[in-house]
1. Of all residues in region 1-17, which are of a type in the set (A, V, I, L, M, F, W, C) and surrounded by 10 or more Cβ atoms within 10 Å (Cβ to Cβ)?
2. Taking Phe36 and the conditions (1) at pLDDT 95 or above; (2) loosely packed, with under 10 Cβ neighbours inside 10 Å; (3) aromatic (Phe, Trp, Tyr), which numbered condition does it fall short on, given that it satisfies the others?
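The values are calculated or read from the model by the stated rules, or taken from the named source; none is laboratory data. Quick caveat, the model's predicted, so the values are computed rather than measured. Cβ placement follows ideal geometry from the backbone for every residue including glycine, while neighbour counts extend to all protein chains displayed.
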Amino acid sequence: MTPEEETEFKRRRKSRNVVLAAVLVFFVLLFYALTFVQMGR
């Protein structure tokens with residue numbers, strides 16, 4: 001693997017990790033909001 005390919009691979013992996021973290025945070029907030037609404041009833 002050339003240095004250019006390795007840099008591109010690391011960049012893609014980092015951006016994928018950022019997207020996965022954002023999705024995870026979204027689901028945690030969604031779960032928290034649903035729980036909060038259920039308790040409010």
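1. Residues of region 1-17 that are of a type in the set (A, V, I, L, M, F, W, C), as a first pass: 1, 9.
Once the filter is applied, which keeps residues that are of a type in the set (A, V, I, L, M, F, W, C) and surrounded by 10 or more Cβ atoms within 10 Å (Cβ to Cβ), region 1-17 yields only Phe9.
2. All conditions pass for Phe36, except number (1).
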